[in-house]
Amino acid sequence: MPGWHDAIKDLYESGELQVVGIIQEQHPDRCRLFMQWKQMGWPILVDSLNLLEVSAVPITVAIDEYGIVREKGLRLDKAEEFRTGFMQAKFEAPAPDDAAAAPAQWPAAVKPADPADPSAWADFADLIVRSNDLDRIDEAIQAYQQALKSQAGNGWLEFRLGVALRKRYDSDGRQEGDFQAAVDHWKAALDIDPNQYIWRRRIQQYGPRLDKPYPFYDWVPQARQEIAARGETPAGLIIEPGGAEFAEPAKVLATMEAPAERPDPGGRIYRDEGEFIALEKVVVPNSIKPGEASRIHVNFRPREEIKAHWNNEVDGLEVWLNEGEGCQLDGSYRSLPNPPEVVSLEERKAEFEIHCAESAAPGPRSLDGYALYYVCEDVRGTCLYRRQDFQVIVEVR
Amino acid sequence: MRRLLFAMGALLLAACGSTVDVTAPADIAVEVGKPFPNLILPALEDGRPSSILQFRGKKTLLHVFASW
C-alpha cells in the first residue's frame with residue numbers, strides 16, 4: 001500500500017481521487033497502528049469475515065464516481081496507465097439506486113424463523129460478527145453451526161465460524177477451547193479450498209515457522225518506536241501479537257537450548273489442577289502429514305474468580321514439553337521472564353514447534369508437559385510454587 | 001509487493017498435486033462494469049456502519065489488504 005500511496009499522492013492531495021481501504025484481518029486494530037506508522041490517513045473498512053470473497057491480498061480496485069467498478073487487480077507498475085486511463089475517463093451516470101443512496105446502518109439482527117435455511121443463519125451470524133456485537137457472539141457461533149448442519153462442506157461457513165470463535169476467544173466471554181476450535185474450522189475451510197489464500201494466512205499467522213511465508217506482525221515494535229519518535233502516541237492494540245505472529249519463517253527446525261536437567265525431574269512439586277492458573281493448549285494445525293510442522297501454544301491465565309496473580313518477586317514461569325515418537329521439538333524448555341511489576345495478571349504464552357519426519361508413522365502423538373510457576377491468590381491470601389501437568393495431542397495423518 | 005509475489009507462489013504451491021487452476025490471480029467478488037456491492041462493514045476508526053458506496057461522488061482507488 002505505501003507504494004500506491006506514493007504513486008498517487010498528488011491526486012489524493014488535490015482531491016481528484018479518494019483512497020479507501022478494506023482490510024482482511026482478524027485483529028483490525030493492528031491496521032490502525034500500521035496506518036498511523038505509515039502516515040496514511042484514508043478511511044478503512046473492516047472485512048474480517050471476507051464477505052468480499054477475496055482470494056488473496058493485496059488487490060486494488062478502481063471505482064468511478066457513481067460507484068461502478070471500472071478495473072480490478074490494478075498493478076502498481078501500471079500506475080501511469082491508471083492516471084492516463086481511469087483518471088482521465090468520463091463515465092456515464094447510471095440510473096439512481098435508492099437503496100445504495102441511503103445512509104449505511106446495521107439492520108436488526110433477527111434470528112431466522114426457518115431452522116433449515118442456511119443462508120438466513122449465515123446472514124444472521126455475519127451481521128452479529130461484522131457489527132462486533134460481542135454480547136451476541138454466542139448466537140453467531142450457534143448460527144454458523146446451524147447453517148453448517150445443512151451445508152456441510154461449505155468452506156466459507158467454516159472460515160467464518162473460525163473468525164467468530166477467535167473473536168470470542170479474544171473477548172471477556174472466552175470459552176475453553178475457542179482458539180483451537182477456530183483453528184480447526186479454518187483448517188477445515190482450507191481443506192475444502194486449498195487455494196483460498198486468506199484462509200491459509202489465518203492459520204499461518206498462528207502456525208509454525210516452517211510454514212510461514214513471512215513474519216506477520218514483526219513491524220509492530222518498529223512502528224511503535226518510530227511513531228513515538230515523532231512525538232505521537234502509538235495506537236493501542238486490543239490483543240498484543242504473540243510469538244507466532246512475530247516469528248520469522250524458517251526452512252529447518254531451529255532448536256533452542258535447554259538446561260542440562262529438566263526442572264523438577266522427580267515431579268515432587270505440588271500440583272495445581274487448574275485451581276490457580278487456567279491452562280489452554282492450542283495446536284496449529286492439530287493434524288499434520290509426515291514432513292510437516294505444527295506450532296503448539298500453551299497459554300496460562302490467572303483465575304479471576306480467586307483473584308489469582310503472578311508473583312514476580314521470584315523466578316518466572318518455566319515450561320517443559322516431551323517429544324513424541326518420530327517427531328522433534330524446537331526445544332523442550334521455555335522460560336518466560338517476569339515483568340517488572342511485583343505482581344501481575346497477564347496471560348502468559350509459551351510456544352513450541354514440532355516437526356514430524358517424513359518417516360513418522362501415522363497416529364496421534366501425545367506430548368506430556370508441565371509448567372512451574374509462582375502464583376498468589378487473594379481469597380485466602382496465599383502464595384505458592386506450583387506445577388501443572390498437561391498433555392498435547394498432535395495427529396500425524 | 002514482496003508479499004503479493006509470495007502469495008502467488010503460495011497459491012501455486014498449495015495447488016500442487018490437485019486439479020485446480022494454479023494460475024488463478026488474486027480476485028474479489030466484484031464485477032467490472034457493475035456497481036460495487038452495497039456491503040455494510042464497520043469503519044476501522046470507530047466501528048460505525050459504512051459502505052464503499054458512501055464514497056460516491058469522486059473517483060475512488062480501493063485497496064483490499066492486510067497489515068501483515
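The values are calculated or read from the model by the stated rules, or taken from the named source; none is laboratory data. Quantities reported herein were computed from a predicted structural model and do not represent experimental measurements. Note that each Cβ is placed from the backbone with ideal geometry, even for glycine, and that neighbours are counted across all protein chains shown.
A:Lys90 passes every criterion in (1) buried (at least 16 other Cβ atoms within 10 Å of the Cβ); (2) of a type outside the set (A, V, I, L, M, F, W, C); (3) under 25 Å from B:Gly33 (Cβ atoms) apart from (1).
Under the condition of being aliphatic (A, V, I, L, M) and assigned to a helix (DSSP H, G or I), which residue from the range B:28-61 is surrounded by the most Cβ atoms within 10 Å (Cβ to Cβ)?
Initial filter on the range B:28-61 (aliphatic (A, V, I, L, M)): B:28-30, B:32, B:39-41, B:43-44, B:52-53, B:61.
Remaining after also requiring assigned to a helix (DSSP H, G or I): B:52-53.
Numbers: B:Ile52: 27, B:Leu53: 22.
My answer is B:Ile52.
Filter the range A:40-49 down to the residues that are at pLDDT below 95 and either touching a Ser or Thr at 6+ places or on another chain (Cβ under 8 Å) or facing chain B (nearest Cβ under 9 Å) (or both) and list them by number. Talk me through it step by step, then tell me what you get.
Restricting attention to the range A:40-49, the residues satisfying the condition of being at pLDDT below 95 are A:40-42.
Scanning the range A:40-49 gives a single hit, A:Trp42.
Please tell me if A:Leu52 is within 7 Å of chain B (Cβ to nearest Cβ), under 30 Å from A:Leu165 (Cβ atoms) and not in a strand (DSSP E or B). Judged against the criteria, A:Leu52 is a match.
Can you tell me which residues in the range A:1-44 are among the aromatic types (Phe, Trp, Tyr) and farther than 15 Å from A:Met87 by Cα? Correct list: A:Phe34, A:Trp37, A:Trp42.
With respect to A:Leu45, is the statement that it is of a type in the set (A, V, I, L, M, F, W, C), in a strand (DSSP E or B) and buried (at least 21 other Cβ atoms within 10 Å of the Cβ) true? The answer is yes for A:Leu45.
Assessment of the range A:110-125 against the conditions (touching a residue at least 12 places away in the same chain (Cβ under 8 Å) and within 12 Å of another protein chain (Cβ to nearest Cβ)) yields no matching residue. A search for C-beta distances below 8 Å between a residue of the range A:21-39 that is within 7 Å of chain B (Cβ to nearest Cβ) and touching a residue at least 60 places away in the same chain (Cβ under 8 Å) and any residue that is in a helix (DSSP H, G or I) and hydrophobic (A, V, I, L, M, F, W, C), counting only pairs 6+ apart in sequence or on different chains, returns A:Gln24/A:Ile198; A:Arg30/A:Val220; A:Phe34/A:Trp219; A:Phe34/A:Ala223. Please indicate, with yes or no, whether at least one residue in the range A:150-159 is among the acidic types (Asp, Glu), in contact (Cβ under 8 Å) with a residue 24 or more places away in the chain, crowded, with 23+ Cβ neighbours inside 10 Å and assigned to a helix (DSSP H, G or I). Taking every residue of the range A:150-159 in turn, at least one turns out to be among the acidic types (Asp, Glu), in contact (Cβ under 8 Å) with a residue 24 or more places away in the chain, crowded, with 23+ Cβ neighbours inside 10 Å and assigned to a helix (DSSP H, G or I). Exactly one residue out of A:Arg201, A:Arg224 is within 14 Å of chain B (Cβ to nearest Cβ) and under 30 Å from B:Asp27 (Cβ atoms): that is A:Arg201.
Does the range A:345-397 hold any residues that are farther than 22 Å from A:Val319 by Cα and more than 27 Å from the chain's Cα centre (by Cα), and which are they? If the condition is that a residue be farther than 22 Å from A:Val319 by Cα and more than 27 Å from the chain's Cα centre (by Cα), then A:Ala357, A:Glu358, A:Ser359, A:Ala360, A:Ala361, A:Pro362, A:Gly363, A:Asp378, A:Val379, A:Arg380, A:Gly381, A:Thr382 are the ones that fit.
Being among the small types (Gly, Ala, Ser) and farther than 24 Å from A:Ala278 by Cβ narrows it down to one residue among A:Ala371, A:Ala361, A:Ala350; which is it? Answer to the check: A:Ala361. Just name the residue that is nearest to A:Arg130 (Cα to Cα) out of those in the range A:55-84 that are at the interface with chain B (Cβ under 9 Å from one of its Cβ atoms), among the hydrophobic types (A, V, I, L, M, F, W, C) and over 31 Å from the mean Cα position of the chain (by Cα). By that ranking, first place goes to A:Ile68.
Cβ-Cβ contacts under 6 Å between residues 6 or more apart (or on different chains), taken from a first residue in the range B:41-54 that is more than 7 Å from chain A (Cβ to nearest Cβ) and closer than 15 Å to A:Val19 by Cα to a second residue that is modelled with pLDDT of 95 or more and crowded, with 17+ Cβ neighbours inside 10 Å, are absent. Quick check, is A:Asp172 charged (D, E, K, R), out of contact with any Asp or Glu (no Cβ under 6 Å at 6 or more places or on another chain) and surrounded by fewer than 16 Cβ atoms within 10 Å (Cβ to Cβ)? Considered against the rule, which asks whether it is charged (D, E, K, R), out of contact with any Asp or Glu (no Cβ under 6 Å at 6 or more places or on another chain) and surrounded by fewer than 16 Cβ atoms within 10 Å (Cβ to Cβ), A:Asp172 comes out as yes. Residue-level analysis places A:Lys349 among those that are surrounded by fewer than 21 Cβ atoms within 10 Å (Cβ to Cβ), modelled with pLDDT of 95 or more and touching a strand residue (DSSP E or B) at 6+ places or on another chain (Cβ under 9 Å). Within the range A:335-346, being in a strand (DSSP E or B) and either surrounded by fewer than 13 Cβ atoms within 10 Å (Cβ to Cβ) or free of Cβ contacts under 8 Å to residues at least 24 places away in the same chain (or both) holds for A:Ser335, A:Leu336. Checked against the criteria, A:Met87 counts as within 9 Å of chain B (Cβ to nearest Cβ), out of contact with any Gly (no Cβ under 9 Å at 6 or more places or on another chain) and hydrophobic (A, V, I, L, M, F, W, C). The requirement of being farther than 15 Å from B:Pro37 by Cβ, exposed (fewer than 13 other Cβ atoms within 10 Å of the Cβ) and at the interface with chain B (Cβ under 9 Å from one of its Cβ atoms) is satisfied by A:Pro103.
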